Amino acid sequence: MTAEPVACHANPSGFMSEQVYPLKKDGSTEKSKEWTANVTEKDNYVEFEHNDPRNPVNFSYTKKWAITLVGVAFTGLSAATSSAYSYGYDTMIAELGCTRMEATLGLSMFTIGFAIVPLVSSPFSEEFGRRPVYLVSAFIFLMSQIMIALAPNVAVVIVGRFLNGFAGSTAATLVGGTIADIWEPAQRGLPMSIYSLLAMFGTSVGPVVGGWIDMNPNMHWRWIFWMGAIFSGTYLIVALFFTQETRSSIILANVAKQRRKETGDETLRSRSEVDSQSFWMMLKASSTRPLYMLFTEPVVFAFSLWIGFAWGLVYALIDSIGSVFKSVYAFNTGETGSIFTSLCIGCLLGCALNYYQETLYTRNFATRGPEARLYVAMLAAVLFPAGMFIYAWTAFPYVPWIAPAIGLTVFMTSCYVIYQTVFVYLADCYGKWASSALAGQSLLRNLLGAAFPLFTEQMYDRLTYEWSNTLFAFIAVAMIPIPYALFFYGDKIRARSKISQEITAKDTD
C-alpha cells in the first residue's frame, strides 16, 4: 500500500472541525503566543505560520489517528450495510409479499446512490467544510436505516436503500480527502491502507452478520437494519465529539473572518475567499469533468471498465452466493453468509500483495514511472479469471464446499489489488485532475455494481451456475491485457492525452 493514493482524494467532500481561537491584534491568540497567523503586507492574505497548531497537517499524532479512525469506521459501516441487506431477502419477501427482483432492486439502489453523489459532493465540502457534510451524511444514514427497519412495503425499502447509499457515499468521497488534509504524503500509506481495507472488508463481512441475524426466528430481516441503526447512531454520537474540520481553506476563512472582526480591517482575506469559484461553477465542474475524463481518456476508461466489471461481479456474488450454496450444499442462511469469510480472507491477501507492490514501486519508479504501480496488478489480472473458473467448476455436491470458497478467495484477492491499483495509478497519472478521473471511474464502477445483481439470478437460471460464472471468467480473460498494455505502453498512451501533456508541462516548469 502507498502514500500517494490519498492524493487522488484530495478534493472529495469531507468532514471535521478544528477549534479556531480568536487572533489578537498582535497576531497571537488566547491559546498560545508561540505562533501567529501570518498576514502578508502585500496582499493581506491570512495564512498559517510554520507549526501553526490550527493547520491540520500539524495536528498531534493522537488527534490525527482519532480523526482517521472515525472516518474509516464510517467507510466500514457503509460497506457492510451495502451487502448485509441481501441476506434478509427470504424473510423480507415472505413478510412484504414482494418479488425477488423487487428485493434485489434494493441492493442496486444503494450502489446507484453511491454512484451519483460523488459527482456533486465536492462543492458542498468547498463551501461548508468537511465536518458539516460528514455529520449531515451520518444523520441521513441513520434515518434511512430506521426508515427501512420500519418499512410497511417494498417501495419504502427501495427508497430507503437509495438514501442509504446517498448518505453512505460520503464514506468513499470524504475519508480519502480527510487523510490528505492531515497526513504528510510520506505518512499516508498506513491510513490509506486501513481505509482501502475497510472499504472492501466491510462489503465481505456484511453478509456474514446479516445471514445469522436473518436466521434468528426472533429477528429476521428488519433486525439487520435495527442493528445497522444502532451502529449508525453510535457512530453519529462519536462523530459529533471526535470529528474536527480538516479542510485548511475553511479553517483559514474562519480565521480571516475572526481577524476582520477583531481588527476592523475588511481587507483581510484568506486565499480561498478571494480565489474560490462560485458554488454553482464548482457544482458544474464536479459533475461534468469526471464524465469528460471517463469518455475521452483511454487510461481512465480502460481502468474504469476493468474495476467496474470486477465490482459488478462482487455485487453479483453478494446477491447469488446464497442461492449457490443453498441449492448445491443445502446450507442455511447463516452458513451461506459465513461463506463470505472467504472474501474477507481474499481482502487480507490482497492487502499483503499491495504491501509487496509498494516495495516494487519504490525500487522501479525511477525507470518505470507511474507504470511501476502495475506489477501486482498484472498478477491480479490472471488471478481474476482463475478465481472465477475455480468457483464455476467446483460448486458440485460431490466436491467439498471449501473448493468453491477457495475460488472466491482468489477472486477477491484480485479485486482488492485491482481496486487499490486503480486509485494509485490514476492519481499518479493525472495529478490535480485525479479527483475527476476517480469520480468518473467511481460512477461507472458503481453503476455496473448496481446493474449486475438485476440480471445475475435470471442468468444463473438459464445458463446454470457453472456456465454463467464461466462466461464471467472468459470476459475477465479478455481484460487481462489491460494492465499489461498500460505497463508497456502507458507512457505513450498518456503522451497523446491533452490533460497528461498539460500536467507534464507544468511538472517540467
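No value in this document is a laboratory result; all are computed from the given coordinates. Nothing here was measured: the structure is a model prediction, and the numbers come from that model. Here Cβ is always computed from backbone atoms with ideal geometry, including for glycine, and neighbour counts include all displayed protein chains.
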Taking Cα atoms only, helix 434-478 is inclined relative to the longest principal axis of the chain by an angle, in degrees rounded to 10, of 0 degrees
Give me D for the range 82-224 in µm² s⁻¹, whole number, from Stokes-Einstein with Rh from the Kirkwood sum over alpha-carbon pairs, 37 °C and 0.692 mPa s. 202 µm²/s
So which GluC sites (Glu not before Pro) in the range 98-154 pass both tests, a DSSP loop state and at most 15 other Cβ atoms within 10 Å of the Cβ? none
Could you give the semi-axes, largest first, of the ellipsoid that matches the range 34-165, computed as the square roots of 5 times the alpha carbon gyration tensor eigenvalues and rounded to whole Å? 44, 16, 10
Normalised alpha carbon radius of gyration of the range 247-376 [divisor 2.2 N^0.38 Å]: 1.77
Mean projected area, convex hull of alpha-carbon positions in the range 140-225, reported to one decimal in nm², is 6.6 nm²
Tell me the Kirkwood radius of the chain: reciprocal of the mean inverse pair distance over distinct alpha-carbon atoms, in Å. 23.7 Å
Expected-Rg normalisation [2.2 N^0.38 Å, Cα atoms] applied to the range 389-430: 1.67
So for the range 362-509, Kirkwood radius off the Cα pairs, Stokes-Einstein at 10 °C and 1.306 mPa s: how many µm² s⁻¹? 92 µm²/s
Rounded to the nearest 0.05, what FRET efficiency do GLU262 and THR288 have when you use their Cβ-Cβ distance and R0 = 35 Å? 0.30
Helix axis angle, 154-168 relative to the chain longest principal axis, alpha carbon, degrees: 40 degrees
Take the Cα radius of gyration of the range 353-442 and divide it by 2.2 N^0.38 Å, with N its residue count; two decimals is plenty. 1.34
Length released on extending from TRP226 to ARG363, taking residue separation times 0.36 nm less the Cα-Cα span: 44.4 nm
Share of Cα-Cα pairs in the range 307-420 beyond 16 Å, in percent? 60 percent
Spacing of the two label points (7 Å from each Cα toward its C-beta) at ARG496 and ILE402, in nm: 5.0 nm
With 10 Å bins from zero, work out the P(r) of the range 72-123 over every alpha carbon pair and list the percent per bin. 21, 43, 26, 9, 0
What does the convex hull of the Cα atoms come to per residue for the range 303-362, in Å³? 85 Å³
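Over 32 Å between Cα atoms, which of LYS64/LYS498; LYS257/LYS432; LYS63/LYS492; LYS261/LYS432; LYS63/LYS498; LYS257/LYS498 qualify? If you can, show how the numbers build up before the last one.
Details: LYS64/LYS498 37 Å; LYS257/LYS432 28 Å; LYS63/LYS492 44 Å; LYS261/LYS432 34 Å; LYS63/LYS498 41 Å; LYS257/LYS498 40 Å.
With Cα atoms farther than 32 Å apart: LYS64/LYS498; LYS63/LYS492; LYS261/LYS432; LYS63/LYS498; LYS257/LYS498.
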Which value, in Å³ per residue, describes the convex hull spanned by the Cα atoms of the range 409-473? 87 Å³
From the helices alone, meaning DSSP H stretches of at least four residues, give me the mean residue ellipticity at 222 nm for the chain, per-run term -39500 (n - 2.57), in deg cm²/dmol to the nearest 500. -25500 deg cm²/dmol
